[in-house]
Each structure stands twice: as C-alpha cells, then as structure tokens.
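The values are calculated or read from the model by the stated rules, or taken from the named source; none is laboratory data. For clarity, every value in this text was computed on a predicted model and none was experimentally measured. Ideal geometry is used to build each Cβ from the backbone, glycine not excepted, and the neighbour counts take in all protein chains shown. Accessible surface areas use protein heavy atoms only, side chains included; no ligands, DNA or RNA. Shrake-Rupley method; radii C 1.70, N 1.55, O 1.52, S 1.80 Å.
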Amino acid sequence: MTRITADSDVLTLINLFRVDPANQKRLLELLTRATEDSVRYAPGFISASLHRSIDGTKVTMYAQWRSIAHYEAMRLDPAPLPYLQEALTIAQFEPGMYEVVKTFAPSEA
C-alpha cells in the first residue's frame, strides 16, 4: 500500500491529466481499468492512488514503483495500451517522476 517516506528508495510518479469536465468520469474509468486489469500485476508495482479535481478539469495518478526499470518494463506491456490510448484522446498528459524529500506530521504538542 502507499507509504510516503523520505528514507524510501521507491520511484514516485505523479501524473497529471488535464481534461474537459464532461470527460473526467470516462478518464477515471479508463485509468481504473488499466490499473485494475493490468498495471497492478506488473513486477515492481507498489501502489497507485487516483484523484479527481473538484472542478472536473484534472485527474491525478499517484503511483509508486520499486524502480524506474520496473516502471519502464510495464510501459512495454501491450495490455493497458487500449485504455491509455483512449485516455490520451480526451486528456492532456503531464507525467512526472519524483523522489520524496520530506514528510510532515501533526505536532504531538
């Protein structure tokens, strides 16, 4: 499951999709199907969380992988391609690879 810590050596992907509000639901369906049917079974997959903006104009996927190599190997799998290709017809994709620098928790005082 998703665990966010600065001392972790996992690859974090924060992928933003810009979408017309009329297509947000369909985009969520496509990304859910790609992840449930294929991506989550790929070696090195740790977790993914799907977020939608309140105004309907964005969808964000937060995902964690054991390594860049694992993520890149999954990208070669043709199984999720139909979902992702359709997603790109209704949304603009802004991918990003990150590492956690710092996490914050509430004060115990």
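Some notes on this structure:
- Scan region 15-54 for residues that are under 12 Å from A91 (Cβ atoms) and in contact (Cβ under 8 Å) with a residue 40 or more places away in the chain and the total you get is 11.
- Each residue in region 4-14 was checked for being surrounded by fewer than 16 Cβ atoms within 10 Å (Cβ to Cβ) and either in contact (Cβ under 8 Å) with a residue 60 or more places away in the chain or at positive phi (or both), and 5 pass.
- Residue count, region 49-95 (criterion: in contact with a helix residue (DSSP H, G or I) (Cβ under 7 Å, 6 or more places away or on another chain) and either open to solvent by less than 40 Å² (accessible area, probe 1.4 Å) or assigned to a helix (DSSP H, G or I) (or both)): 12
- Breaking point among (1) over 26 Å from A105 (Cβ atoms); (2) part of a loop (DSSP other than H, G, I, E, B), for A6: (1)
- Leading residue by the ranking (farthest from Y83 (Cα to Cα)) among those in region 34-48 that are open to solvent by less than 40 Å² (accessible area, probe 1.4 Å) and assigned to a helix (DSSP H, G or I): V39
- Residue count for region 15-33, restricted to those that are touching a strand residue (DSSP E or B) at 6+ places or on another chain (Cβ under 8 Å) and exposed (fewer than 15 other Cβ atoms within 10 Å of the Cβ): 2
- Here S107 does not qualify as small (G, A, S) and in a strand (DSSP E or B).
- Number of the condition not met by K102 [criteria: (1) among the basic types (K, R); (2) within 30 Å of A22 (Cα to Cα); (3) out of contact with any helix residue (DSSP H, G or I) (no Cβ under 9 Å at 6 or more places or on another chain)]: (2)
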